[in-house]
Structures are given as C-alpha cells and as structure tokens.
1. I'd like the orientation of helix 110-122 relative to the chain: the angle between its Cα long axis and the longest Cα principal axis, in ° from 0 to 90, rounded to 10.
2. For helix 38-58, report the angle its Cα long axis makes with the longest principal axis of the Cα atoms of the chain; keep it between 0 and 90° and round to the nearest 10°.
3. Choose one answer from K86, K161, K68: the residue with the largest mean-square fluctuation in a GNM of the chain with alpha-carbon springs under 10 Å.
4. Compute a Gaussian network model of the chain, connecting alpha carbons closer than 10 Å, and tell me which residue from D75, D49, D150 fluctuates the most.
5. I'm spelling it out carefully: the read-out is log10 I(q)/I(0) by the Debye sum over Cα atoms at q = 0.10, 0.20 Å⁻¹, the candidates are [x] -0.59, -1.36; [y] -0.51, -1.31; [z] -0.36, -1.46, and one was derived from this structure. Which label?
6. Summing +1 for each Lys or Arg and -1 for each Asp or Glu, what net charge is found among the other residues whose Cβ lies under 15 Å from the Cβ of V69?
7. Would you please classify the overall shape of the range 1-97 from the alpha carbon gyration tensor, given that a ≥ b ≥ c denote the square roots of the eigenvalues, rounded means a/c under 1.5, and beyond that prolate means a/b larger than b/c while oblate covers the rest?
8. Between helix 14-31 and the chain, what is the angle of the helix's C-alpha long axis to the longest principal axis, kept within 0 to 90° and rounded to the nearest 10?
Amino acid sequence: MKKLAINRKLGRTTDIRMAMLKSLTTDLIMYGKVETTLSRAKEVKSIADSLIALAIKEKDNFETVEVKVVKAKLDAKGNKETQLVKSKNGKEYLKVVKEETTEKKQKDMPTRLNARRKMMRKLNKVKDSEGNNIDLPSKLFNEIAPKYSDKNVGGYTRIIKVGSRRGDGAEVAILQLI
C-alpha cells in the first residue's frame, strides 16, 4: 500500500521549507499573528497548535530553588566597588569587592526541560531591539499557556482568508492566536 505524504511540500526543498516554517512559527508566537499564503498557514497552524498543547501540559512542572549568586558589589552610581590589596611580593593592585546573595529561580523538571528542547527545535532564536535574547519557550509557558489552559484540546489558532494576492493570485490568509 502506498503511503501518503504527511506534510505539504510547498514547492520547496526540505531545508528551505523547514526554515520557512520555523520562521513563520516564531513570528506567530512572538507577535500573535502572521499574514501568509493559505497552504503555509495550514502547515504553521499544526506546528503552533502542537507547541501550545505541549506548553499547556508542562506549564506548572517546575520547582523553585534557592541559588547562591556571587556578584560584584555596586556603588550608588552603578560602578563596581574596588579595594586596594597587597600581593605576596608586596605589589598593590585593585580587587573587585564581591557579595554573595541567594536568589530564587525556577528549575525545570525533566519532562518540562524536554518540552523546552522540543520547542527550540521548532522555533528560531530571537533578539529584541536592544540585542537581548527573547526566551520564546518561557513566553509559551508563562504567557500563552495560561491563556488557553481552560480549553480542552486544539483550536488555539485561527485562519482568516483575506483573498488572492495581486501579483501571482495566491490565496492569502491571516494566521492568528485566538
């Protein structure tokens, strides 16, 4: 018996298609909606729904742990404090003053860590306008999953048909989180 294809080929080679779907899924999670062709939207919808379902399943699967953190002590202006110290051979040098504190951090349980890694396989790494990394799996766990936790299964995204594109007549749709 001949087996059917699982996903749409979208007229692209595998590596180009996977990169395109990865970037569309990343944009959908980051901005909440994306405008693309209908067939691409249908592919991204299935990926996004599976990621959100995974986030809902693992959203509360962590423990809070106290961690010792050693940081440089800062003065009123925000500069590091230094002190003058003598070495064994009698030379003087400046040494940064350090302070030890304890902070509470979330530690993922093994299944949540595995879910985070699965999400990172389907999403790109993103930076904000200042160059800081944005943690999209944390956004899925902390912002998106609580919104949909009361839903039973699926239906986290919606496809709205816009019409055909002027240049090539392709069917355009808006894919958005509900």
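1. Relative to the chain, helix 110-122 is tipped by roughly 60 degrees.
2. Around 50 degrees separate the two axes.
3. Among K86, K161, K68, the largest mean-square fluctuation in the Gaussian network model of the chain belongs to K86.
4. For the chain, modelled as a Gaussian network with Cα springs under 10 Å, the answer is D75.
5. Read-out taken from this structure: [x].
6. Numbers: positive: K68, K71, K73, K98, K104, K105, K107; negative: E66, E99, E100, E103.
Net of charged neighbours comes to +3.
7. Values: a/c = 3.52, a/b = 2.92, b/c = 1.20.
Taking the square roots of the gyration eigenvalues as a ≥ b ≥ c, the range 1-97 is prolate.
8. 70 degrees
Values in this text are rule-based calculations from the coordinates and carry no lab data. If you're wondering where the values come from, they're calculated on a predicted model, not measured in any experiment. Reconstructed Cβ throughout: ideal geometry from the backbone, glycine too, with neighbour counts over all protein chains shown.
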